[in-house]
Structure formats: structure tokens, C-alpha cells
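Asker: Got a structure here, written out as C-alpha cells. Questions coming.
The values are calculated or read from the model by the stated rules, or taken from the named source; none is laboratory data. The structure displayed is predicted, hence computed values, not measured ones. Here the Cβ positions follow ideal geometry from the backbone for every residue, glycine too, while neighbour counts run over all protein chains shown.
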Amino acid sequence: MTIQLDSELADLRTRIRHSTAHVMADVVRQLYPNVKLAIGPPTDDGFYYDFLSDEPFRNEDLGKIEKGMRGVIRRNLTFEYREYPRKEMLQMNSDEPLKLEVIEGIPEDEAISTYSHGDFEDLCAGPHVESTGKIPAFKLLTVAGAYWRGDENRPMLQRIYGTAFETQEALDEHLERLEEAQKRDHRLLGRELDLFSVHEETGPGLIIWHPKGARVRGLFEDLWRREHYRWGYDLIYTPHIGRSTLWETSGHLENFKDNMFAAMDMDGQDYYLKPMNCPFHVLYYRNDLRSYRDLPMRIGELGSVYRYERGGTLHGMLRVRGMTQDDAHIFCRPDQVVDEINGVLDMTFHLLRMFDFTEFQVMLATKPDNAVGSDEEWDLAIDSLRSTLEQRGLDYGVDEGGGAFYGPKIDIHIKDAIGRMWQCTTVQFDFNLPRRFGLKYIGDDGQEHMPYMVHRVLFGSLERFMGVLIEHFGGAFPTWLAPVQALIIPISDRHLEYAEQVRAKLLAADIRVETDARSERMGFKIREAQLQKVPYMLVVGDREADAGAVGVRLRSGEDLGAIQVDELVERITSESVPG
């Protein structure tokens with residue numbers, strides 16, 4: 001099932017949120033006259049405004065800012081649009097250094113405009129609602145720091161986040177979702193469930209997977225490999241670094257260098273940590289003479305890549321600097337492109353449904369400003385992706401200019417258990433790398449032809465997918481994915497021998513089981529196992545040992561009573577199948 005926010009509602013929310021950001025900036029200026037204004041855009045979930053301030057804002061300050069905003073809203077001030085000559089606009093903002101920088105960046109042929117309400121006027125292209133009274137419901141959320149222009153070498157600004165909706169009911173639903181999201185925060189659950197950690201010694205954005213997290217990762221890696229072999233892929237391994245000539249040929253040094261780590265001098269030559277796997281897959285293809293009969297060729301890899309993400313953008317496992325991509329590249333003939341893209345989409349929906357994702361949002365991303373290749377090639381590629389989506393009857397939005405520099409793409413977002421959207425699968429068309437590396441195949445006419453290339457990831461990266469899974473399930477992984485499926489809790493030390501017999505039987509059935517042999521009260525052990533989200537707690541005492549059974553409790557708190565060990569093995573085994 002695909003989902004898409006109604007365009008009229010999306011537009012209304014954008015106007016409301018943009019207008020609320022202006023009202024907030026107005027009130028902040030009134031309360032803190034010395035602040036300097038930066039920017040305040042709407043976002044998918046709300047809005048923010050950045051301020052340059054000598055004194056940091058605190059979350060405790062949000063209440064008085066909200067009170068002032070409600071006063072501005074009650075006055076129902078009209079939002080008025082104006083355009084100004086560049087010189088006059090520079091004079092108007094002579095004491096606003098950040099606004100001056102924004103103005104200087106506006107192309108000479110573009111209008112420079114403002115929106116005002118009451119005495120407040122701000123550089124802005126809109127859009128807005130008609131008046132402040134048309135802001136129905138809003139809430140300020142938090143204060144954070146943000147570097148100007150996202151550059152850690154620029155000033156640190158004070159950012160106030162908020163949200164606004166068309167009704168109080170919609171706002172309340174969103175706030176409830178935010179509260180639930182805080183409980184599901186993968187960084188918090190990652191610590192509580194002992195899944196992963198990040199350390200100062202390694203540097204930010206670099207993940208250490210703990211044994212339990214590694215077990216979960218291993219489970220969906222095994223699933224990924226199995227499914228790829230079933231769908232006709234061959235898997236390879238490639239190096240973590242490559243010589244500069246590789247990245248020059250691929251175009252990454254020209255178009256992606258800002259996101260690559262610095263060069264390493266080895267034997268007088270520059271080497272780079274790989275930001276992507278694709279050039280290595282291209283080299284594998286080029287390693288031998290290919291025939292039209294060899295195509296399509298589907299090559300996959302769980303390949304670790306390294307990207308220099310700005311420090312302020314890093315976020316637990318969701319935004320990292322070292323990641324493992326579930327990468328694959330398909331080399332095919334022009335007449336095979338649509339079928340291969342369809343195959344990727346079939347595989348995507350099949351795999352994601354195994355993880356309890358059933359609703360998807362699809363976006364078609366088109367030609368960016370830094371695109372390589374001719375307009376004709378881009379038109380062909382975009383038409384191929386669009387026709388595939390339309391033939392499947394999929395609703396989709398268009399992300400104008402959101403494609404990669406080497407080709408357009410389809411992005412698939414998944415809806416989690418509390419209604420949030422996460423970008424996951426990406427399918428990208430590429431005619432750039434085959435040309436740059438001189439890829440060929442011998443056609444049925446005996447002549448050389450250039451293959452087309454399709455890039456795709458299904459999970460995105462294993463780190464990001466793990467973070468999404470933690471939050472989607474709230475740490476309570478389904479039985480097939482749980483790092484520990486069952487925990488045996490002996491009532492006393494004399495029951496340890498029977499507990500070990502039960503454990504051996506479960507291990508023989510490939511059930512992930514542990515025994516809590518600590519000298520703690522049984523109730524304490526059960527409560528702790530529930531907090532660790534273990535699906536099954538197995539209590540063993542005299543009665544259970546005599547009956548060859550275990551007392552079964554679920555993490556939900558439900559008590560199933562005594563169950564024969566063989567029956568329990570059958571039950572857990574039946575739940576150990578993905579999906």
C-alpha cells in the first residue's frame with residue numbers, strides 16, 4: 001500500500017508553519033532585542049528559526065515566547081508581501097549580518113521580497129496564510145544549537161523548534177506521536193538493551209555493535225543474502241579504499257569530494273576511503289568480456305563505506321560516518337531496464353513486509369543542478385522510472401532536482417508503527433559510470449554496445465535500518481528477530497541442572513536462549529527480562545522439572561502456565577520465520 005499526503009493539506013501546513021515561524025521570530029525579537037535573525041523555514045513536521053544570540057535560550061524560555069505568540073495571533077495581523085531593490089534591502093538589513101549574507105546569495109535576476117505582519121518584516125519569499133489569526137494550533141518544542149549554514153567553522157546559532165497544524169486535534173495527535181517517539185528513541189533503547197554504542201575515542205558517527213545488536217544484524221544480513229541469491233544476484237566483496245584515479249574516473253572527486261574523508265598518502269599516491277561501492281562493481285563488470293546473453297548481471301554487496309557527514313547532522317545510528325550499505329548494481333541492456341526496475345520494486349516490497357512494514361510513500365527524484373549527462377539521457381531515464389511507477393499503479397510524488405548527479409532515482413519511504421516516514425529503498429538510474437569506465441557488451445548483432453546501470457539499496461544502510469527497526473518495534477523485536485528469544489529463570493540453585501537441560505534442548509532447535517542464574521528473586525528476574533524485551537520467560541522449579549515442562553510468561557505480562565518443553569520448542573520455532 002502506498003500513501004501520500006494530500007497536496008492541498010500539505011500546502012496548507014507549509015503556509016501555517018512558515019507563518020508561525022515568522023510570528024515566533026517577531027516575539028523573540030521583542031523579548032530579546034539584541035538577537036540577530038538568520039532563517040526560519042517550514043519543515044515536514046513543523047518549523048524552526050535560527051537566531052544569533054549572546055545568551056543561550058533555554059527550554060524554560062519557550063513558555064513566555066508562546067504567550068507572546070498567542071497575543072500576536074489574537075491581533076489577526078495581515079501578512080503583506082513586498083518587493084525591494086537590492087540596494088534598499090541591504091540598507092534595511094544593515095544591522096543583520098546573517099540576513100545580509102542571504103541577500104548577497106540571491107541571484108541578480110531574482111526578486112528580493114519580504115513578508116510583514118504588524119511592525120515585523122522579514123526577508124522571505126513565502127508562502128504564508130492570510131493573517132496571524134489563521135494560525136489555528138501551534139506548540140514550541142525545544143531549543144538546540146545549529147551552526148550557520150551547517151558549517152562548524154561558522155557561528156553557533158540558537159535554534160528554536162516548533163510545530164503547527166490546521167486543527168488542535170491534529171496538533172494533539174502529533175504531540176502524542178512525539179511523546180511515543182521519545183519512548184522509542186533508538187539511542188535510549190540502544191543503551192538499555194545493550195545493542196550498540198558510540199565512543200569519543202573512535203570519533204562521532206562510528207558505531208560499535210554489541211553482541212545483541214550484532215545478533216539482530218546477523219539475522220537480517222542472513223535474510224538479505226538468502227533473498228538475493230533467490231532473486232538472481234551474485235554477491236561480491238570489495239576493498240575499503242581506492243586510489244584517487246578510481247574516484248577521478250567515477251566523478252566522485254569532482255562531485256562528492258566534500259563528503260569524502262581526506263586522502264591518505266601511500267607510496268606517493270593518494271588513496272581514499274570509499275564513500276560508495278559502485279566503482280568497484282563497475283571494475284568487476286569490466287574484468288571480462290560480456291555478451292548480451294550475460295545480461296542482466298545483478299551484483300550485490302554488504303559493503304562498508306565512509307562519508308564525512310557534518311558533526312551537527314550525526315544522529316545515533318540514523319546518520320553516521322561509517323556504514324554498511326546493502327548495495328547492488330544491475331548491468332542490463334536498454335530493453336531490460338523497465339523489467340529490472342520492476343524486479344527491484346517487487347523485491348523491495350517483499351523484503352520490507354517481512355519486517356512488518358506495509359505502507360509506503362514513493363518519490364521520483366529528478367535532475368539536480370550538478371547533473372552529468374545530456375538532457376536526452378536524463379529524459380530517457382526519468383521517463384523509464386516514471387513509466388514503471390505508472391504501469392504498477394503506484395501513487396508517487398516528484399522531488400524536483402532531488403536526483404543523484406549521475407541519474408534520477410525512485411525513493412521509497414516506509415511508515416513505522418507510530419506513523420512516521422523513513423526513507424529506505426533507493427533505485428537509481430545511471431548512464432554516467434558505464435560511459436566513464438568504458439563498459440561494453442557484445443550485442444546479438446556482433447557489435448559493441450554500452451550497458452545501462454541501475455543502482456539500488458533496499459535497507460539503505462544496516463546502521464540506519466537497525467535504528468529504524470528499534471524505533472518501529474520499540475525495542476520489542478518480533479520473535480524471529482529478537483537477539484534473545486527465551487530466558488530461563490530457575491527458582492533456586494537446585495533447579496540449575498534442569499534449567500541447563502532445557503537450555504540444551506532449545507539450543508539444539510536453534511533457539512536463542514540464555515539462563516539467568518543470578519541469586520536474585522524470581523519476580524526481579526522476570527521484571528528485568530520484560531524490560532529487556534525478551535519474548536519468552538521460562539520459569540523452572542520442582543513442578544516443572546517433574547513434569548518435563550516450563551512455566552511460560554510473555555514480555556506482555558501474560559502468564560501461559562506450564563507448557564511441555566517440546567511444545568514450547570515447536571511454538572518458538574514457528575515464530576522464528578521472518579514475516
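Asker: Does HIS240 count as at pLDDT below 95 and either under 30 Å from GLY446 (Cβ atoms) or assigned by TED's automatic domain parsing to the domain that holds GLU463 (or both)?
Answerer: Here the answer is no, as HIS240 does not meet what is asked.
Asker: Within the range 46-64, track down each residue that is surrounded by 18 or more Cβ atoms within 10 Å (Cβ to Cβ) and either small (Gly, Ala, Ser) or in a loop (DSSP other than H, G, I, E, B) (or both).
Answerer: Those that are surrounded by 18 or more Cβ atoms within 10 Å (Cβ to Cβ) and either small (Gly, Ala, Ser) or in a loop (DSSP other than H, G, I, E, B) (or both): GLY46, PHE57.
Asker: Continuing with the same structure: Checking the structure you have, find out if any residue of the range 216-231 is in contact with a strand residue (DSSP E or B) (Cβ under 8 Å, 6 or more places away or on another chain) and part of a loop (DSSP other than H, G, I, E, B).
Answerer: Within the range 216-231 (the criterion being in contact with a strand residue (DSSP E or B) (Cβ under 8 Å, 6 or more places away or on another chain) and part of a loop (DSSP other than H, G, I, E, B)), the answer is yes, since at least one residue qualifies.
Asker: For ASP335, state whether it is assigned by TED's automatic domain parsing to the domain that holds PHE405, surrounded by fewer than 22 Cβ atoms within 10 Å (Cβ to Cβ) and either in a loop (DSSP other than H, G, I, E, B) or at pLDDT below 95 (or both).
Answerer: It is true that ASP335 is assigned by TED's automatic domain parsing to the domain that holds PHE405, surrounded by fewer than 22 Cβ atoms within 10 Å (Cβ to Cβ) and either in a loop (DSSP other than H, G, I, E, B) or at pLDDT below 95 (or both).
Asker: Can you tell me how many residues in the range 233-278 are buried (at least 18 other Cβ atoms within 10 Å of the Cβ) and without any contact (Cβ under 8 Å) to a residue 12 or more places away in the chain?
Answerer: Adding up the residues that qualify gives 0.
Asker: In addition: Right, ALA545: of a type in the set (Gly, Ala, Ser) and either part of a helix (DSSP H, G or I) or in contact with a Pro (Cβ under 6 Å, 6 or more places away or on another chain) (or both) or not?
Answerer: It is true that ALA545 is of a type in the set (Gly, Ala, Ser) and either part of a helix (DSSP H, G or I) or in contact with a Pro (Cβ under 6 Å, 6 or more places away or on another chain) (or both).
Asker: If you don't mind, there's one more thing I want to ask. Counting just the residues of the range 146-166 that are in contact with a strand residue (DSSP E or B) (Cβ under 6 Å, 6 or more places away or on another chain) and free of Cβ contacts under 8 Å to residues at least 40 places away in the same chain, which one comes out surrounded by the fewest Cβ atoms within 10 Å (Cβ to Cβ)?
Answerer: Out of the qualifying residues, it is ARG154.
Asker: Anything in the range 338-361 that is assigned to a strand (DSSP E or B) and more than 21 Å from ARG420 (Cβ to Cβ)? List them, or say none.
Answerer: Residues satisfying the conditions do not exist here.
Asker: Restricting attention to the range 485-508, report how many residues are touching a residue at least 24 places away in the same chain (Cβ under 8 Å) and either surrounded by fewer than 22 Cβ atoms within 10 Å (Cβ to Cβ) or more than 17 Å from ALA529 (Cβ to Cβ) (or both). Break it down stepwise before answering.
Answerer: Quick first cut of the range 485-508, residues touching a residue at least 24 places away in the same chain (Cβ under 8 Å) only: 485-493, 495, 498-499, 502, 505-506.
The next check asks that each one be either surrounded by fewer than 22 Cβ atoms within 10 Å (Cβ to Cβ) or more than 17 Å from ALA529 (Cβ to Cβ) (or both); those that pass are 491-493, 495, 498, 505.
Going through the range 485-508 one residue at a time, the tally reaches 6.
Asker: Can you find a residue that is touching a helix residue (DSSP H, G or I) at 6+ places or on another chain (Cβ under 6 Å) and surrounded by fewer than 19 Cβ atoms within 10 Å (Cβ to Cβ) anywhere in the range 22-33?
Answerer: The answer is no; no qualifying residue exists.
Asker: In the range 419-469, how many are assigned to a strand (DSSP E or B), over 31 Å from the mean Cα position of the chain (by Cα) and of a type outside the set (Val, Ile, Thr)?
Answerer: Of the residues in the range 419-469, 3 are assigned to a strand (DSSP E or B), over 31 Å from the mean Cα position of the chain (by Cα) and of a type outside the set (Val, Ile, Thr).
Asker: Given (1) crowded, with 18+ Cβ neighbours inside 10 Å; (2) among the basic types (Lys, Arg); (3) modelled with pLDDT of 90 or more, identify the lone condition not met by ARG420.
Answerer: Every condition holds for ARG420 apart from (3).
Asker: Identify, by number, the condition in (1) closer than 16 Å to ASP50 by Cβ; (2) in contact (Cβ under 8 Å) with a residue 24 or more places away in the chain; (3) part of a helix (DSSP H, G or I) that LEU141 doesn't meet.
Answerer: (3)
Asker: If LEU364 meets every condition in (1) assigned to a loop (DSSP other than H, G, I, E, B); (2) in contact with a Lys or Arg (Cβ under 8 Å, 6 or more places away or on another chain); (3) under 20 Å from MET347 (Cβ atoms) apart from one, which number is that one?
Answerer: (1)
Asker: Considering only residues that are surrounded by 20 or more Cβ atoms within 10 Å (Cβ to Cβ) and not in a loop (DSSP other than H, G, I, E, B), which ones fall in the range 391-412?
Answerer: Within the range 391-412, ALA404, GLY407, LYS409, ILE410, ASP411, ILE412 meet the criteria.
Asker: Please count how many residues of the range 306-316 are β-branched (Val, Ile, Thr) and buried (at least 20 other Cβ atoms within 10 Å of the Cβ).
Answerer: Restricting attention to the range 306-316, the residues satisfying the condition of being β-branched (Val, Ile, Thr) are 313.
So of that shortlist, the ones also buried (at least 20 other Cβ atoms within 10 Å of the Cβ) come out as none.
Counting residues in the range 306-316 that are β-branched (Val, Ile, Thr) and buried (at least 20 other Cβ atoms within 10 Å of the Cβ) gives 0.
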